[in-house]
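Here the structure is laid out as structure tokens; the discussion comes afterwards.
The values are calculated or read from the model by the stated rules, or taken from the named source; none is laboratory data. Owing to the predicted nature of the structure, the values given are computational and were not obtained by experimental measurement. Cβ placement follows ideal geometry from the backbone for every residue including glycine, while neighbour counts extend to all protein chains displayed.
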Amino acid sequence: MSLADDLYRETILDHYHHPRNQGELVAPTVKSEGVNPLCGDEITVYISVDSNSIADIKLDAHGCSINMASGSMMSEAVKGQSLEQAVKTASIFKNMMLGGSQEVILPEELEDLEALQGVKKYPVRIKCALLPWNTLLEAIEQARSQDGASDNI
Amino acid sequence: MSLADDLYRETILDHYHHPRNQGELVAPTVKSEGVNPLCGDEITVYISVDSNSIADIKLDAHGCSINMASGSMMSEAVKGQSLEQAVKTASIFKNMMLGGSQEVILPEELEDLEALQGVKKYPVRIKCALLPWNTLLEAIEQARSQDGASDNI
Amino acid sequence: MIDVQEIRKDFPILERQVNGKQLIYLDNAATSQKPRCVIQALQSYYEGYNANIHRGIHTLSEEATSAYEGVREKVREFIDAPESRCVIFTRNATEALNLIAYSWGRTNILPGDEIVLSAMEHHSNLVPWQLLAAERGAKLVYLELTPDGLIDLEQAAAVIGPRTKVVAVTMMSNVLGTITPVRELGNLAHARGALLIVDGAQGVPHLKTSVSELGCDFLVFSCHKMLGPTGVGILWGRAELLEAMPPFLSGGDMISAVWRDRVRFNELPYKFEAGTPNIADVIATGSAIDYLQKLGMDNIRAHEIDLTGYALGRLSEIPDATVYGPGDATCRGGVISFNFADVHPHDIGQILNDAGIAIRAGHHCCQPLMRDLKVTGTARASFYIYNTKEEIDLFLDALQEADRVMGHVACR
Amino acid sequence: MIDVQEIRKDFPILERQVNGKQLIYLDNAATSQKPRCVIQALQSYYEGYNANIHRGIHTLSEEATSAYEGVREKVREFIDAPESRCVIFTRNATEALNLIAYSWGRTNILPGDEIVLSAMEHHSNLVPWQLLAAERGAKLVYLELTPDGLIDLEQAAAVIGPRTKVVAVTMMSNVLGTITPVRELGNLAHARGALLIVDGAQGVPHLKTSVSELGCDFLVFSCHKMLGPTGVGILWGRAELLEAMPPFLSGGDMISAVWRDRVRFNELPYKFEAGTPNIADVIATGSAIDYLQKLGMDNIRAHEIDLTGYALGRLSEIPDATVYGPGDATCRGGVISFNFADVHPHDIGQILNDAGIAIRAGHHCCQPLMRDLKVTGTARASFYIYNTKEEIDLFLDALQEADRVMGHVACR
Ligand SMILES: Cc1ncc(COP(=O)(O)O)c(C=O)c1O
Ligand SMILES: Cc1ncc(COP(=O)(O)O)c(C=O)c1O
């Protein structure tokens, strides 16, 4: 297996070629924009929040395979989660990416995300994988403060 | 003979310890100030010009031995010279200092100045030796333009 | 023609392996590699005569001063300028452009004035003018490109007008490779009483440069892109302009006398060089210039035309590759920006790196141009004296591999 | 205590002969010499992983980026700062001071404001404030020295007043060796709502430094004076201040997005680092810091107190020598300015150089202080980790020789 094949695992390419939850939400609770100044990649995350849960999520993403795949998997993982759960999922993912080099085993429902571990070898690209997540976290923070529910944090 | 002894020849030390024509002229035709930004040394050259000749010259100099000695010798060399002759003397001296490394033989009346040739080995100090002369040249230029006699140049 | 195999021996880094493969360095527009003589110049300086310059009376300081000032003269000769006192050492091209924008710009740009830039400027020759324009109520006006990436001279003649105070353009685009018709733009600018500033960051390392032939008023460039060490940029300006300009950075060395409440500035070039300069790197820059001069800038150019023509030809055989910029290698430099099918430039860069090939991917500090091209970024391969056609072949092979790895996006 | 003989082996230049004599380098306040590990770091970089940083996806660029950013963290630790994003790389201390004067100064200094400096500031911490004051209609106010060259804290308490916006002082004088009571001045400044800027160009290389213990708002220093290469300065500032400040130099790398007519700036520290940084020299600065940390700043200080006390003692035995600055080695650094009888400092410097001894002579970029001392210049010997008492003995012997050469001026 070449280096590249280890990075671009099948799951990643599948999400890259067929990104889930792409598009816009017409009346989202919040919309948050993220940019990677190093490469210019951009993403917009739309979420609609219902009783403190992510009822729907859509991404308008233009980026590299890692960025796109990470966002696509993220949208599947957090859709339906409570805001609190989603924040926790994000932190599990970020810990995996920023932690040491060993392979991490994720809970079954987050299994797909394990495929992104190959990225850890490439410091520059870790930022690509994190962009959708950081943008989501900003969206959640906005939603909470709109809701006056920041005491929930 | 040590390096220093070659630089600080007896003639130089004599002029340094007993600088000629030091002081101010009460009513000079022109007064010109020079400064060496590298070390802060300053000199003021006063000349009084009479029928296109340097009737009198005084220096108010605060500087190193080379600067002081060069100024002192200069004042002796140009006192009584016509402006034209003084410019020529200055250019003979500057050529000697900026020219190659061989020893130069100067006309008898400028003999003392030969002692400054030891300075040629020390690029930084050449500026010390030139400062009085460049300041004199400025004074002469001023005198000429005051006189409307710049056509004489 | 230059002897590339001989040249390669002078560049120790070219022996390096990356991911088990011999390094193929095609990121020269970002920074060039350094020959042994440049690295050696740094070592000789630090081991032999390191000292602070200009005010020192001891031998080390005299040696360092004369080596440093000697490079000023080498630069003067290299850009065919009349006087070495008009050569100012800065940190990089960016700082040199900021110096002009602060010192000349703040004294000369008035509300309503127009600053003309091209659509392909690097952020370093754009943002300083944006900030100046915002501060002064001046306006930025752009020179547009023709579809094949050349400056549209007709449009240029139309927009360089009576309110134009300055035209600031790159000598060669770091994205498209386009060589700017500097002389023509200079004539247009000067006819309007405007100045011409040339950003030579990409041009000077690759094209024989004469400031008088270019007809520019200021020229800036970065030595790290022309075999020199990092940390040295050059500003050249016409003497009358530099003399009339106020200093930019102030402090030690740029003064001739200081009192508690006032200051007299030093003469050129020192007026613009405040504080301890980057002495070692300036001295090593001298070795870089010697090396380039020995090869001959015309020979370097011929080699790059050869490589660029070859690469453009081979890329044109790849149906899914889109190449930006002029198609004719004789009116462009050896900088080739491209996209390949739907593979994101970042992914191309990564996959090529697995094969030991270093290219750049992204916006190349030219976001406005990226928007014009309707892309978020491009992949970019750029050549210099040590690159070979064999390297270009390997690069193109690896590019095809990208298609396989990414699951044949090309054919989606 | 440090082992000077071992240390000397790490400095190749110390083997150099000058005028047939072993070099004795006593010009450390101007710039220090460099240990082999620093020179080696440059070579390893250029031979192994030279590349432009931050935007590169290839291995060389990743390696260079991580080495460069790693040094930011080393600097943070070295000055005991809370966050590495508040460490900005500049060209030298002078540029760092200009950055503050332009970016913070132009936004915060208003007509009638007072800028407080000490009477012993280097031109680099004086001229930028003069120009700012002139531009803004602000006023410079000076902290005076006591007869033994210490900051007069009573006078300081009187002049740091309600109109004071900033107090900018050197941490250690490059002429007198005086160590400034930074903490006390900080308290005075902060009580008035003013900022404290510390020029650490002389202090940081010689004294263990903690920005929180100093209680300063900005600290600047130059790496070439602390074993590092030329071309690297450091600015540290409090995060709130740096975040609120507009950028200074603009161009590549300091942006997060650019359009034709507007720009979004990047976050700290990149906002203040425009264009290609001096990558190699920053990386080599990391080796210099490692070297200093290994020796221990407290040990270095002890060595310098030892040398300085010895030199002051021996100089006091020479009747015609006048020494400036505090007499107590524990409240001053190893910088000794002196005059010797009527021998001009330039002549002293020259004659010492004949004996292979490098000292400095002149105004040391402190002309206002020279006027206060009523001299046009001084001779200055300054010490660092590799200097020995034997070198001081040889220096003093050569000084006596100056008297003979100059025809016993002393006894005129
Ligand atoms: C006290 C002081 N401040 C500032 C500077 C300026 O440092 P640099 O020339 O490296 O910018 C110096 C160095 O000469 C200094 O001694
Ligand atoms: C056209 C152009 N201008 C300016 C620059 C800025 O050069 P530097 O980063 O060395 O200041 C570059 C380099 O990236 C460039 O390609």
Checked pairs for the range B:1-14, first exposed (fewer than 15 other Cβ atoms within 10 Å of the Cβ), second among the charged types (D, E, K, R), C-beta under 9 Å and 6 or more apart or across chains, list as B:S2/D:D354; B:S2/D:E401; B:D6/B:K121
Conditions: (1) in contact (Cβ under 8 Å) with a residue 12 or more places away in the chain; (2) within 14 Å of chain D (Cβ to nearest Cβ). B:M96 meets all but one. Number of the miss? (2)
When the range C:186-204 is examined, which residues are found to be within 16 Å of ligand 2 (Cβ to nearest atom), more than 14 Å from every other protein chain (Cβ to nearest Cβ) and either more than 17 Å from the chain's Cα centre (by Cα) or not small (G, A, S) (or both)? C:L196, C:V198, C:V204
Quick check on the range C:89-100. Is at least one of its residues within 22 Å of C:I151 (Cα to Cα) and charged (D, E, K, R)? no
Here the residues within the range D:379-399 that are surrounded by 24 or more Cβ atoms within 10 Å (Cβ to Cβ) and over 19 Å from the mean Cα position of the chain (by Cα) are D:L399
If we scan the range D:7-18, do we find a residue that is within 22 Å of C:N92 (Cβ to Cβ), crowded, with 17+ Cβ neighbours inside 10 Å and in contact (Cβ under 8 Å) with a residue 40 or more places away in the chain? no
The range B:65-153: helices (runs of 4 or more DSSP H) wholly inside it with 3 or more residues that are surrounded by fewer than 19 Cβ atoms within 10 Å (Cβ to Cβ) and of a type in the set (S, T, N, Q) are B:83-98, B:123-146
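Each row is one residue, and each column tells you yes or no for (1) away from ligand 2 (no atom under 13 Å from the Cβ); (2) under 27 Å from C:D281 (Cα atoms); (3) hydrophobic (A, V, I, L, M, F, W, C).
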site: C:L99; (1), (2), (3): no, yes, yes
site: C:S103; (1), (2), (3): yes, yes, no
site: C:I109; (1), (2), (3): yes, no, yes
site: C:E114; (1), (2), (3): yes, no, no
site: C:L117; (1), (2), (3): no, no, yes
site: C:A133; (1), (2), (3): yes, no, yes
site: C:G137; (1), (2), (3): yes, no, no
site: C:Y142; (1), (2), (3): yes, no, no
Looking only at the range C:227-248, count how many residues are within 11 Å of chain D (Cβ to nearest Cβ) and within 16 Å of ligand 2 (Cβ to nearest atom). 8
When restricted to D:L176, D:L207, the only residue crowded, with 24+ Cβ neighbours inside 10 Å and more than 16 Å from ligand 2 (Cβ to nearest atom) is D:L176
Taking C:D320 as meeting all but one of (1) modelled with pLDDT under 95; (2) surrounded by fewer than 21 Cβ atoms within 10 Å (Cβ to Cβ); (3) in contact with a Lys or Arg (Cβ under 8 Å, 6 or more places away or on another chain), write down the number of the exception. (3)
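Name the one entry in C:D290, C:D298, C:D281 that is within 10 Å of chain D (Cβ to nearest Cβ), under 19 Å from the mean Cα position of the chain (by Cα) and outside any loop (DSSP other than H, G, I, E, B).
When all the criteria are applied, what remains is C:D281.
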Within the range D:76-93, how many residues are more than 16 Å from ligand 2 (Cβ to nearest atom), in contact with a strand residue (DSSP E or B) (Cβ under 7 Å, 6 or more places away or on another chain) and hydroxyl-bearing (S, T, Y)? 0
Looking only at the range C:69-105, which residues are assigned to a loop (DSSP other than H, G, I, E, B), within 13 Å of another protein chain (Cβ to nearest Cβ) and away from ligand 1 (no atom under 16 Å from the Cβ)? C:N92
Within the range A:37-64, of all residues that are touching an Asp or Glu at 6+ places or on another chain (Cβ under 8 Å) and not in a strand (DSSP E or B), the one farthest from the other protein chains (Cβ to nearest Cβ) is A:N52
In this structure, is D:G275 out of contact with any His (no Cβ under 6 Å at 6 or more places or on another chain), surrounded by 21 or more Cβ atoms within 10 Å (Cβ to Cβ) and on the phi > 0 side of the Ramachandran plot? yes
For the range C:158-262, list the strands (runs of 3 or more DSSP E) that sit wholly inside it and hold at least 1 residues that are without any contact (Cβ under 8 Å) to a residue 60 or more places away in the chain; which are they? C:164-170, C:195-199, C:255-258
Of those in the range D:27-52 that are of a type outside the set (D, E, K, R), in a helix (DSSP H, G or I) and more than 7 Å from chain C (Cβ to nearest Cβ), the residue farthest from D:Y384 (Cα to Cα) is D:Y49
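Can you say whether C:L268 is surrounded by fewer than 23 Cβ atoms within 10 Å (Cβ to Cβ) and either within 14 Å of another protein chain (Cβ to nearest Cβ) or not in a loop (DSSP other than H, G, I, E, B) (or both), as far as the supplied structure shows?
Yes, satisfied.
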